[in-house]
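The next block holds one structure in the form of C-alpha cells; read it before the comments.
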Amino acid sequence: MGKLLETYSNYLPELTHSEKHVLYYIEDNLEQSKTMPLTKMADANNVSTTTIIRLCHKLGLEGYAELKYHLKGIEANNLPNDEEDPIQRYIRDIPETLKKLTPETMVSIAASMQQAERIVILSVGLTKTIGEYLSKRLMQMNQSSTYIYESHMIDLISNWIGRDDLVIFISSSGETETLLKAAEKLSHLNIPSVAVTNNPDSPLPLLTTENISAPVKKASYEGYDVSARSTLVMLADLIFEYYLKLILQEK
C-alpha cells in the first residue's frame, strides 16, 4: 500500500468503484497529479468532475484544491537500493527512540490511565492493529478499554466522551486528518489525551495533553511506505508495562 492509500485507507470502504479508480490513479501518478487540473484529472479517469469532488468530500476534504495541497506534502522519497540498509535504519531508530523517552513521562501516562474512568484508543489505517493490540493487552489485566478505528465513529467521539476519560491516539505519521480533527475537538473540551506517533514534529502531539514519539526516518520504495511501525508496538508495550507496574504497586 502506497503512502496516499495508507493515509486514506480508512475511507476506502465508503468509496464507489469510480472514486476508488481515481484514488488509485493518483497513487500511481503522484507527481503528475500534484499539478493536474480538475478537468484533466476527470478526463484521465473517464469520470465527471463531480465524481472527483465527491471523492474529496468523502476523504474529509473541502474540495480538489485541498486534495492537491495534501498531495504536494507527500514526498516521493524513494530509497535507492544502494543507500542505507534497512537493518541499519532499525539499529539507529530504536536506540534513538529509547534515548528520547523518560521514566517520568511514562509514569505520568500510566497515572493518567489509572485515574481514567474509561480508556479509549483511536487508530486507523495500518496502525489500527496496534490500537487493537494495546486494547487486548489491557484486557489481560481486566482493564476494559474501547478501541475505535472507523472514521465515522471517531468523528462522533466528542458527543459521548467525558473529562474523566482518557483518549490514546496511535498514528505513525501524526498527520492523519481523522485523528487530528478528533484531537482538536477533544482539546477544546479539555479531555485528557495521549499521542503515540512515529513523528515527534507532527501536529498530533501538539493537540494532546501528553505524548511519546519515535523519531523514525520515513522511507519508501516506489511509493510504498516501508517506514517502521514496530517502534509503535514498542511504545505500546512500554505504556502497558508502566501501567501494569503502577497498578500492582498500589495493591
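The values are calculated or read from the model by the stated rules, or taken from the named source; none is laboratory data. Keep in mind that this is a model prediction, so the values were computed, not measured. Note that each Cβ is placed from the backbone with ideal geometry, even for glycine, and that neighbours are counted across all protein chains shown.
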First in the range 100-113 and farther than 15 Å from Asp164 by Cα, second anywhere and in a helix (DSSP H, G or I) and among the charged types (D, E, K, R), Cβ under 9 Å, 6 or more apart: Met106/Glu241; Val107/Lys245
Being closer than 18 Å to Ser145 by Cα and touching a Ser or Thr at 6+ places or on another chain (Cβ under 7 Å) is the filter here; which residues of the range 192-251 pass it? Pro192, Ser193, Val194, Ala195
If the requirement is being closer than 21 Å to Lys128 by Cα and touching a residue at least 60 places away in the same chain (Cβ under 8 Å), which of these qualifies: Leu232, Leu186, Leu204? Leu232
(1) in contact with an Asp or Glu (Cβ under 8 Å, 6 or more places away or on another chain); (2) in the same structural domain as Thr176 (by TED's automatic domain parsing); (3) more than 19 Å from Pro205 (Cα to Cα); (4) not small (Gly, Ala, Ser): which one isn't true of Thr51, the others all being true? (2)
Screening Leu98, Leu67 for residues that are crowded, with 16+ Cβ neighbours inside 10 Å and either modelled with pLDDT under 95 or assigned by TED's automatic domain parsing to the domain that holds Glu27 (or both) leaves only Leu67
Of the conditions (1) farther than 12 Å from Ser123 by Cα; (2) hydrophobic (A, V, I, L, M, F, W, C); (3) touching a Pro at 6+ places or on another chain (Cβ under 9 Å), Leu235 fails just one. Which one is it? (3)
Starting from residues that are in a helix (DSSP H, G or I) and not aliphatic (A, V, I, L, M), keep the ones in the range 153-167 and report whichever is nearest to Val120 (Cα to Cα). Ser158
For the range 214-234, does any single residue satisfy the condition of being assigned to a loop (DSSP other than H, G, I, E, B), under 17 Å from Glu104 (Cβ atoms) and either in the same structural domain as Ser112 (by TED's automatic domain parsing) or among the β-branched types (Val, Ile, Thr) (or both)? no
The one condition in (1) out of contact with any Ser or Thr (no Cβ under 8 Å at 6 or more places or on another chain); (2) part of a helix (DSSP H, G or I) that Met36 fails to fulfil: (2)
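To keep it simple, each residue is scored yes or no on (1) under 30 Å from Asp85 (Cα atoms); (2) basic (Lys, Arg); (3) surrounded by 16 or more Cβ atoms within 10 Å (Cβ to Cβ); (4) touching a Phe, Trp or Tyr at 6+ places or on another chain (Cβ under 6 Å).
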site	(1), (2), (3), (4)
Ile154	no, no, yes, no
Lys185	no, yes, yes, no
Ile191	no, no, yes, no
Val226	yes, no, no, no
Ile239	yes, no, yes, no
Could you please give the count of residues in the range 185-238 that are touching a Gly at 6+ places or on another chain (Cβ under 7 Å) and at positive phi? 1
